[in-house]
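Read the structure below first, then the notes.
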Amino acid sequence: MEISVPKDMCQLWSSRFQTINATTTHNSRFSTLSLSSCGGAPRRQSMAFSFRTESLFLSPSNKLKPMANASSILCTPSRSLSFLNSSSPFPNLFSRKPPLNAQSSSLSVVASSTSPSSTTVAESQGLKVNSVPTKPIEGQKTGTSGLRKKVKVFMQENYVANWIQALFDSLPPEDYKNGLLVLGGDGRYFNKEAAQIIIKIAAGNGAGKILVGKEGIMSTPAVSAVIRKRKANGGFIMSASHNPGGPDYDWGIKFNYSSGQPAPESITDKIYGNTLSISEIKMADIPDVDLSCLGVTKYGNFNVEVVDPVSDYLELMENVFDFLLIRSLLSRTDFRIVFDAMHAVTGAYAKPIFVDKLGATLVCFACGILYCLKFNYYLSLTVDVWDLVQDSILNGVPLEDFGHGHPDPNLTYAKELVNIMYGENGPDFGAASDGDGDRNMILGRGFFVTPSDSVAIIAANAQEAIPYFQSGPKGLARSMPTSGALDRVAQKLNLPFFEVPTGWKFFGNLMDAGKLSICGEESFGTGSDHIREKDGIWAVLAWLSIIAYRNKDKKPGEKLVSVSDVVKEYWATYGRNFFSRYDYEECESEGANKMIEYLRDLVSKSKAGDKHGNYALQFADDFTYTDPVDGSVASKQGVRFVFTDGSRIIFRLSGTGSAGATVRMYIEQFEPDVSKHEMDAQTALKPLIDLALSVSKLKDFTGREKPTVIT
Ligand code: VG1
Ligand code: CO
């Protein structure tokens, strides 16, 4: 019998054992697979694992495979991301449901190769380009961050190919002809198929070279970093970010141009226009490229280089931060961290950065004993007691369906991490990142740092704790719904300050013009001008730098300055902006649209001084932004009611969903009184939340009693 197991496990085994002998035994609840090593482990020679039966997939072939190579014995090769190292000898095995089974790979994709009706339009130095006839497809309009739809939509004939060709048709030829492009993704289901389509169309349109992350993996911030470092003309990111993945879930594609910045609306509008008139796809007649091996493959004038997705990004991080300072914190026995990669792309980055470079260690939460990876010291345990052992990296192997999780680092979807951080004897620092690695959530022991505070605290501490900012930040910016905490830091530091619409694409021009260094969004996005995307691992390293800096002179045994100490000190200095966001996901579009229309109408009838309960209106509008660099205007970016005490209620519809409409309601209130800073945000904001619900008639329009996510 052949056994496929969660990829965490096959990564673990293949990296820990040189030769494996496997035997299985079964009872009604468990199948037990016993493995013994013939030389991998210096201290222990055998390990035994018990598996809950639902975590096993039996392959259709039901045959025992040859045992020459551990990873090929144990992985389901067609869907695995087998190049990735296990982040841990103790992965949290059953925190999520097991990965997709092999059968899901049987879904086919059309337009991954030349259609029979195509004609050859060019042939130069061995590269044949075919013209594939196609028809316009409705609905390929880019949202807040790229084009996102259900996988099944993208699998329709020519769906991906049309959008990619429309993109090339939107760019001036000098921006890509013989030029260098980058291709990465978050490892989600359908990326491998889409990567082949993108490579063929890039070649068909005359690109000179494409750099692809191994197995198609490269985080959004890393793609931005690689574009900038290698002076590429642009890059593609195959990701629907924090949206779930798998055959029944989401896929997405984003395009960033030469500064590493998400394409502005002027380009995405053109792409959309072209998708409505497209008639031909230019596709090179080349075989599928093997993305599993590093190196260059040449097809006539066109080259594909498969690159390590981590190295350029890691080099940049080492230039931005003081790694020795962070290492000094992580090597303390009285400081423990947990990073939750949510089975998403940062799984590929977490071990090389946090463990290998910065020395993060492995901790048993039951007894507090440190197990050090460096000495390859590990235990023989059954999985039933493994729950007590926690690695510094959680869910560290990227999976195509994110382990059936929702890779959105917030209090709802990163529940496993939240439970650890709020549990007994929890670690000192916790963080998580999203599908494509651009978001972050920061937690202290039993303490959540709201993203709006996080960016303000990073900005306030950047100059002393982060070498990249040693001359001080040039300017600060936030998206409109993000709380006003950052505004106060800008004021105190006397820095230029900008308020932009939701979406990272609005920060890039300010950075390119040298007006902006640090910025953030309330949606767990934080970053700086080191690249042109928000950057999850950067934010974690920024926080670790701050904590390390504050504790650099602390002797063993002295109480350390904690995450919550840093935040409370910040509130005492600047005041606290209580903030909360309510998400009502996948509402009926009709009701949600009507609510926004109703609010716009209300705005037009509102005037300063209008009373809303205890609050007096200062102004109400539908946010419009004029880019100070290029003068472009973005209107209808969110309905806001701003009161005379600075409190705000804001409503907008998500531009990243793939089904129905997601309503976002943002609530903010400033509190200067230190004695009230410890209040729970939901309690402090209750009157304003009630007001927002009644002003918007949200329950009537959406039929929803409660939000799906509260931040
Ligand atoms: C959401 C967030 C927004 C963020 C965008 C992309 O957009 O609110 O702040 O920039 O996602 O993030 P929307 O339109 O759904 O509110 V990601 O991590 O998807 O690249
Ligand atoms: Co993201």
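The values are calculated or read from the model by the stated rules, or taken from the named source; none is laboratory data. The structure displayed is predicted, hence computed values, not measured ones. In this analysis, Cβ positions are derived from the backbone assuming ideal geometry, glycine residues included, and neighbour counts consider all displayed protein chains. Each accessible area value is taken on the protein alone, full model and side chains, heavy atoms only, with ligands, DNA and RNA left out. Shrake-Rupley method; radii C 1.70, N 1.55, O 1.52, S 1.80 Å.
Here the extension length gained between N303 and M679 equals 129.5 nm, from 0.36 nm per residue of separation less the Cα-Cα distance.
Under 5 Å between amide hydrogens, built in the peptide plane, is the criterion, and for K128 it picks out D285 among residues at least 5 positions away or on other chains. Coupling constants for segment 442-449 follow from the phi torsions by the Karplus curve (6.51 cos²θ - 1.76 cosθ + 1.60, θ = phi - 60°), and in residue order they are 10, 10, x, 5, x, 8, 9, 9 Hz; glycine and proline get x.
The calculated FRET efficiency for the pair N593 and V153, based on their C-beta separation and a Förster distance of 22 Å, comes to about 0.60. Scoring 139-145, 333-339, 681-687 by mean Cβ neighbours within 10 Å over their residues and listing the highest first yields 333-339, 139-145, 681-687. Overall, the accessible surface of segment 389-496 at a probe of 1.4 angstrom is composed of carbon and sulfur to the extent of 44 percent. Carbon-plus-sulfur fraction of the accessible area of segment 171-221, 1.4 Å probe, in percent? The value for segment 171-221 is 50 percent carbon and sulfur by accessible area. Hydrodynamic radius of segment 228-358 by the Kirkwood approach over all distinct alpha-carbon pairs: 18.8 Å. Gyration tensor over the Cα atoms of segment 534-577: the corresponding equivalent ellipsoid has semi-axes (square roots of 5 times the eigenvalues, largest first) of 20, 18, 7 Å.
With R₀ set to 35 Å, the beta-carbon distance separating K697 from V629 gives a calculated FRET efficiency near 0.35. Principal axis analysis of the Cα atoms in segment 577-710 yields extents of 43, 38, 29 Å, listed in decreasing size. Under the simplified labelling scheme, the K357-S292 pair shows an inter-label distance of 2.8 nm, with each label point 7 Å from Cα along Cα→Cβ. Averaged per residue, segment 108-309 has 34 square angstrom of accessible surface, using a 1.4 angstrom probe with ligands and nucleic acids left out.
The stretch between K568 and S311 holds 88.9 nm of extra length on full extension. This uses 0.36 nm per residue minus the Cα-Cα distance. Amide H contacts of I281 (H built 1.01 Å from N, in plane; Pro and chain starts excluded): V132, T134 sit under 5 Å, all sequence-distant by 5 or more or on other chains. Label-to-label distance for K706 and E558 is 4.6 nm, based on points extended 7 Å past Cα in the beta-carbon direction. Computed from backbone phi with θ = phi - 60° and the Karplus coefficients 6.51, -1.76 and 1.60, the 3J(HN,Hα) list for segment 571-578 is 4, 5, 7, 10, x, 10, 8, 5 Hz; x is used for glycine and proline. For segment 606-686, the set of trypsin sites (Lys or Arg not before Pro) satisfying both a DSSP loop assignment and a count of at most 14 other C-beta atoms within 10 Å is given as K607, K636.
For segment 108-309, the equivalent ellipsoid derived from the Cα gyration tensor has semi-axes of 21, 20, 17 Å, listed largest first. Between R600 and N419, the simple spin-label model (points 7 angstrom out along Cα→Cβ) gives 4.4 nm.
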